[in-house]
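First comes the structure, then the notes that go with it.
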Amino acid sequence: MIIYKTIEGLKNSLYKAKTQGKKIGFVPTMGALHTGHLSLLEISKKENDLTLCSIFINPSQFNNQDDFIKYPITTENDILLLEKISTDILFLPSLEEMNTLKSHASFNLDGMDQILEGLHRPGHFQGVCEIVEKLLRIIHPDFLYLGEKDFQQCLVLKKLITILQLDTKIKICPILRSPSGLALSSRNQRLSETGLLHAANIFKVLSNIKTQLTTGNWQTLKETSIKNLLNNGFEKVDYLEMCDTDSLQILDEAPEKREVVILIAAFIEGVRLIDNIKTTANILTN
Ligand code: AMP
């Protein structure tokens, strides 16, 4: 694996690869890598000639200073993991150099940045778009690999690519979970053993909703699910919503025969976790 810490070094190497007609897959991350990140890289490796991972903790997407300060940094281990799966390139830019690049003051995301995550983390998606625009303009990948765990982020970045009229295509990859069902996340590293056990309740709640959801019972299901989380280790639920999978419009009732996504953000031991599941309401048979 080749590690580039400067934009120029990376650009030169990619220029060569592109003139040789190589297809480039890109996986942006904030490091503290786990099997979820690696799964995106493995998919990219199968589909491209060259797979590039970036590690950059982007301050502008953290609305909470404490979350930023406590974000785990495990670069040495990340490099070992990336080498183990034969990643071609790691881009490790400095904050100073990334800050020298210009970016849009604000992106018109049609309100997608004002709901759910956007509502609870003001400025978060503008920050995400700012850094992803910079990375895409440096790398110009053929494919951008994103995890469905960050469901709303996938939709926001689809919009970004349309706004910027870039040729990059987005590939959305499935959520990797631990055997308990807990979605793998860098933030899980901050949880105690008990916290990790309790955190798996997010997936239990989502799975329960998936089996129980009918066209008429969403509001009660939502209330009992929130209570369930609060009675089982979670101290706060930012949101638990059922949404349209394309627009993310929040739905009051499950539509018939149409897939919806249930999204959760909740705090445990001061750590904010997100997860989601897609499902279709069961038809009631009396
Ligand atoms: P992050 O480092 O948290 O910014 O994540 C980098 C990429 O990895 C994003 O596209 C995430 O959606 C994806 N990702 C994070 N956790 C998982 C997971 N458990 N399964 C699949 N993809 C994930």
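The values are calculated or read from the model by the stated rules, or taken from the named source; none is laboratory data. This is a predicted model, so every value here is computed, not measured. Quick reminder, even Gly has a Cβ in these numbers, built from the backbone with ideal geometry, and neighbours come from all protein chains shown. SASA here: full protein model, heavy atoms, side chains in, ligands and nucleic acids out. Shrake-Rupley method; radii C 1.70, N 1.55, O 1.52, S 1.80 Å.
The relative contact order of region 2-173 comes to 28 percent, based on Cα pairs under 8 Å that sit 6 or more residues apart.
Relative to the longest principal axis of the C-alpha atoms of the chain, give the angle of the C-alpha long axis of helix 201-212, reported between 0 and 90° and rounded to the nearest 10°. It is inclined by approximately 60 degrees. In this structure, the residue pairs whose Cα-Cα separation is over 29 Å, taken from Lys45/Lys134; Lys45/Lys236; Lys22/Lys84; Lys46/Lys158, are Lys45/Lys236.
Here region 92-153 is treated with +1 on each Lys and Arg Cβ and -1 on each Asp and Glu Cβ, and its dipole about the Cα centre works out to around 100 debye.
The Rg/Rh ratio of region 1-94, with both radii computed over alpha carbons and Rh defined as the Kirkwood radius, is 0.99. With unit charges on the beta carbon (Lys/Arg positive, Asp/Glu negative), name the residue among Phe107, Pro179, Gly118 whose Cα is farthest towards the positive pole of the charge dipole of region 99-199. Going by the Cα projections, it comes out as Pro179.
Only Lys, Arg, Asp and Glu carry charge here, each on its Cβ (+1 for the first two, -1 for the last two); on that basis region 186-278 has a dipole of about 260 debye about its Cα centre. Compute the angle between helix 151-164 and the longest alpha-carbon principal axis of the chain, please, reported from 0 to 90 degrees and rounded to the nearest 10. Helix 151-164 and the main axis of the chain meet at about 40 degrees. Take every DSSP beta bridge whose two residues both sit in the chain, then give the antiparallel share in percent to the nearest 5. Of the beta bridges lying entirely in the chain, close to 50 percent run antiparallel. Over the chain, the Kirkwood radius and the radius of gyration, each from Cα atoms, give a ratio Rg/Rh of 0.98.
The Asn282 and Asn231 beta-carbon pair, evaluated with R₀ = 41 Å, returns a calculated FRET efficiency of approximately 0.95. Converting the Cα gyration tensor eigenvalues of region 137-286 into ellipsoid dimensions via √(5λ) gives semi-axes, longest first, of 28, 22, 12 Å. Of the solvent-accessible surface of region 2-173, computed with a 1.4 Å probe and all protein chains present, 51% belongs to carbon and sulfur. The charge dipole of the chain, taken about its Cα centre with unit charges on the Cβ atoms of Lys, Arg (+1), Asp and Glu (-1) only, comes to about 580 debye.
With contributions of -39500 (n - 2.57) from each DSSP H run of at least four residues, the per-residue ellipticity at 222 nm computed over the chain stands at -12000 deg cm²/dmol. Remark: the chain carries 48 Å² of accessible area per residue (probe radius 1.4 Å; ligands, DNA and RNA excluded). Out of every Cα-Cα pair in region 145-232, what percent are more than 17 Å apart? It works out to 62 percent of all Cα pairs.
Within region 186-278, what whole-number % of the accessible surface is contributed by carbon and sulfur, with the 1.4 Å probe and all protein chains included in the calculation? In region 186-278, the share of accessible area belonging to carbon and sulfur is 48 percent.
Dividing the alpha-carbon radius of gyration of region 88-130 by the rule-of-thumb value 2.2 N^0.38 Å gives 1.45.
Comparing region 47-187 with the 2.2 N^0.38 Å rule of thumb, its C-alpha radius of gyration ratio is 1.07 (two decimals).
Once the Cβ-Cβ distance of Gln20 and Asp167 is raised to the sixth power relative to R0 = 22 Å, the FRET efficiency obtained is 0.75.
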